[in-house]
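What follows is a single structure, written as structure tokens, with notes after it.
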Amino acid sequence: MTLFSVDNLTHNYGEIQALTDVTLAVPDGAIGLVGANGAGKSTLIKILLGLLTPTSGEVEVLGENVRTHVREARARVGYMPEGDCLPVDQSASDFVAYAAELAGVPAKAARRRASESLALVGLGEERFRYLKDFSTGMFQRVKLAQAIVHDPRVVFLDEPTAGLDPEGREQMLELVNRLSDYNISVIFSTHILSDIERTCDWVVLLDNGRVKRNSPLDRLGSHGVVQLELIDDPQSTAEILRSRGLTVTVNGFRMSIPSADGVTTMIRDAFAETGTGIRSMTETQVTLEEAFFAVGPDFPPPVPT
Amino acid sequence: MSEEAIIVDRGYRPYEGARGTLRSSMWAIVKDGYRRALGLRRRAWSKVMPWGLIALMLMITFVVIAVAWFAGDLIPDLPSYAEYFDLTSQLGLLFVALTGPLLLVPDRVNGVLAVYMSRPLRMVDYLLAKTAALVSLMLTFYLVPQAILHLGLAGLSDDGFFTYLGENLDVLWKVPVVALAYIATHGSIAFAVSAFLGKSGLASGLYLGFVIITNNVAGLIVGSANFIGAKYAALFAIEQHPRYVRDWVFDSNAGFLIMEDAGFDAWVSAVCILFVVAGSALIVWRQYRKLP
């Protein structure tokens, strides 16, 4: 199932182009939306929620066209904004119950849902306290609780770990991971790459309003080099491979060979001939950090899915 | 406790119950408006002003009934329904100065609009729900004391309870119509001022200042200036428009009015009220259409 798709999406703020001809489709699951400040993450989220009308292009969330069926789309999503979004003169329970009612949950059920959601985020005991008395970490948890209280199909989290201390951040990431247990997909917007690696299985990398990567996190691309770690001396095997036209670099018990068609078969045959033991054989993958900082056309493209 | 008792923690579960329509979402906003305006489910100090004004409003009603009861024969000219608006409209003005900003400002300042707008609502739905909250609150504020007064006077009438009600059937439409004129004028300006300011208290103060200053300046110009067109300054005595409409509806003359002094008919005040409402709605919409 496609979580959301955008087609030729462009959005301008006056002279400034925030998103330029973005086309992508993202599957169900935990999606990381990564980019530097000003890359267009928040603009994309606001367009997906129908808060902003794009300059041009089409947007669908959970199969609903956001331009023509914004209510239907919003009925199935939750949103945790980056900035302040809590009325400090209310108790956590009252506000979260109210947030559920806004999404159409009847009043009585909304109160029960509020208790359950606040318990999930670890605020079961504090739910009747006024929000004014909450710490930053507790604020973030209440923001998450209001985003999931109506049991959305997908929740948009905009910088959920912002302002949290290491322990709070750890707990927030754990909570985000737990959402999949309840069949809630996540769109996690952040510029902290390790948070994405901890929680997501798909990544959309935005740079200057354009999509740089849209792929599973484990298929960001390959460096095109096969790495081997050996048990025995690699020299004899290296000689055979060189004689068959491959470029082989040996470093102690490690061996690197540029990837090409049929290279794995040639390696297998060479090792069978020499009887040398192999500990591991991998093709080196592009990390999220490498993909984030990568520039230029020579950088490896993502692996097709 | 029974030996067989167990604690069952159901925890977070997917919701499979009914989901309401747009109307139920808007009703949630209206209810939240009531709670905020009246300080319900909030700290004690939030309740002081609204409930103080409500108490004062009711007190005036009971005083009038008490006077009619104990000294009705000695004071034959008890306040009429129209004059009663004069007694209470200042409290109404204060009540709307308090509730108008409370309904709009905190949501915007606290960033809660981002949460509202991620729900199946549009900004126009939100603003309509807030307007419904203000209008219904103000109608209750004006009409409940009037209803008590009506029933109280009926109970004390020498002609009998039902005879009095039968003879005064016209108040059943006149009082709500006049109350709506007051609410439309006061409420729309309160919303327009609140759409710009980041503090409820400041919005309340500025709103009251605006109403008082426009009244006084208009009165001064109409009363003392002798240039051509000076009488049109009366149109800016905004607070007096609902009073003129009240006199028109009740066919009474409850006091000096700048519009009357300037030679305008009461229908002009009714048109001015419509302009104030339309202008305020436009101002609020312009401020909110690009939020959050």
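What FRET efficiency do you get for residue A:37 and residue A:170 if R0 is 22 Å and r is their Cβ-Cβ distance, rounded to the nearest 0.05? Rounded to the nearest 0.05, the efficiency is 0.40.
Obtain the nm distance between the two label points defined at residue A:23 and residue A:135 by a simple spin-label model: each point lies 7 Å from its Cα along the Cα-to-C-beta direction. For residue A:23 paired with residue A:135, the spin-label model returns 4.9 nm. Exposure here means at most 12 other Cβ atoms within 10 Å; with GluC sites (Glu not before Pro) in a DSSP loop as sites, the longest stretch of chain B lacking them is B:17-292.
Spatially, segment B:19-68 and segment B:126-172 are offset by 17 Å when compared through their Cα centroids.
Summarise the accessible area of segment B:130-224 (1.4 Å probe, protein heavy atoms) by the percent that is carbon and sulfur. Intermediate results must be reported in sequence, preceding the final value.
Details: 3080 of 4160 Å².
Carbon and sulfur together cover 74 percent of it.
Using just the C-alpha positions of segment B:22-288 as equal point scatterers, what log10 of I(q)/I(0) does the Debye formula give at each q in 0.09, 0.11, 0.12 1/Å? Debye curve over Cα of segment B:22-288, log10 I(q)/I(0) at q = 0.09, 0.11, 0.12 Å⁻¹: -0.46, -0.68, -0.80.
Taking GluC sites (Glu not before Pro) across segment A:1-74, the ones in a DSSP loop with at most 10 further Cβ atoms lying within 10 angstrom of their Cβ are A:15.
With the charge dipole of segment B:22-288 set up from +1 on Lys and Arg Cβ and -1 on Asp and Glu Cβ about the Cα centre, the Cα lying farthest toward the positive end among the listed residues B:152, B:274, B:192 is that of B:192. Across the cross-link table entries A:108/B:199; B:31/B:174; B:47/B:130; A:41/B:31; A:108/A:143, which are compared at the Cα atoms, the separations over 31 Å belong to A:108/B:199; A:41/B:31.
Order B:259, A:266 by their accessible area, 1.4 angstrom probe, all chains in place, largest first. Please report the intermediate quantities before stating the final value.
Working: B:259 0, A:266 55 Å².
Largest accessible area first, the list is A:266, B:259.
For residue A:153, the accessible area of its heavy atoms, probed at 1.4 Å with every protein chain present, is near 50 square angstrom.
Counting heavy atoms of the protein chains only and a 1.4 Å probe, report the per residue accessible area for the protein assembly as shown as a whole number of Å².
47 Å²
Each of B:224, A:162, A:208 was placed along the dipole of the protein assembly as shown (beta-carbon charges, centred on the mean Cα), and the one lying farthest toward the positive end is B:224. With a 10 Å cut-off around each Cβ of A:39-51, the average count of Cβ atoms from other chains is 2. Our estimate of slack between residue A:13 and residue A:84, defined as 0.36 nm per intervening residue step minus the Cα-Cα distance, is 23.3 nm. With a simple spin-label model that places each label point 7 Å from the Cα along the Cα-to-Cβ direction, the separation between residue B:252 and residue B:35 comes to 3.9 nm. In the context of the full protein assembly, residue B:27 retains an accessible surface of approximately 130 Å², using a probe radius of 1.4 Å and ignoring ligands and nucleic acids.
Taking only the alpha carbons of the protein assembly as shown, we obtain Rg and Dmax values of 34.0, 126 Å in that order. Length available on full extension from residue B:224 to residue B:78: 0.36 nm per residue minus the Cα-Cα distance, which gives 49.2 nm. Semi-axes of the equivalent ellipsoid for chain A, computed as √(5λ) from the eigenvalues of its C-alpha gyration tensor and ordered from largest down, come to 46, 23, 16 Å. Computed from protein heavy atoms with a 1.4 Å probe, the total accessible area buried between A and B is close to 3600 Å².
Let me check against my output: what whole-number percent is the relative contact order of chain A, with C-alpha pairs under 8 Å and at least 6 apart? Can you show the working numbers first?
Values: 589 pairs, mean separation 57.2, N = 305.
Across chain A, relative contact order equals 19 percent.
For chain B, calculate the relative contact order in percent as a whole number, restricting contacts to Cα pairs under 8 Å that are 6 or more residues apart.
Working: 297 pairs, mean separation 59.7, N = 292.
Reported relative contact order: 20 percent.
Taking every residue in A:80-90 and counting other chain Cβ atoms within 10 Å of its Cβ, the average works out to 6.
Dividing the mean sequence gap of close Cα pairs (under 8 Å, 6+ apart) by how many residues segment A:103-237 holds gives a relative contact order of 16 percent. Judged by the gyration tensor of its Cα atoms, with axes a ≥ b ≥ c, segment B:130-257 is oblate; a/c meets the 1.5 cut and b/c is at least as large as a/b. GNM remark for chain A: springs join alpha carbons under 10 Å apart, and the peak mean-square fluctuation among A:30, A:109, A:92 falls on A:109.
Our coupling estimate for segment A:109-121, obtained by passing each phi through the Karplus curve with A = 6.51, B = -1.76, C = 1.60 and θ = phi - 60°, is 5, 4, 5, 5, 4, 4, 4, 5, 5, 5, 5, 4, 8 Hz, Gly and Pro reported as x. To the nearest 10, the accessible area of residue B:199 is 140 Å² with a 1.4 Å probe.
For the pair residue A:55 and residue B:13, a Förster radius of 51 Å applied to the C-beta separation gives a FRET efficiency near 0.80, rounded to the nearest 0.05.
Between B:17, B:229, B:92, which gets the highest mean-square fluctuation from a Gaussian network model of chain B, Cα cutoff 10 Å? Sorting by GNM fluctuation, first place goes to B:17.
Separation of segment A:258-294 and segment A:195-235, taken as the distance between their Cα centroids, equals 14 angstrom.
Extending 7 Å from Cα along the Cβ direction at residue A:235 and again at residue A:263 yields two label points whose distance is 2.5 nm. For the pair residue B:161 and residue B:87, a Förster radius of 22 Å applied to the C-beta separation gives a FRET efficiency near 0.40, rounded to the nearest 0.05.
The values are calculated or read from the model by the stated rules, or taken from the named source; none is laboratory data. All values derive from a computational prediction rather than experimental measurement. For neighbour counting, all protein chains shown are included, and Cβ atoms are generated from backbone atoms with ideal geometry for every residue, glycine included. Each accessible area value is taken on the protein alone, full model and side chains, heavy atoms only, with ligands, DNA and RNA left out. Shrake-Rupley method; radii C 1.70, N 1.55, O 1.52, S 1.80 Å.
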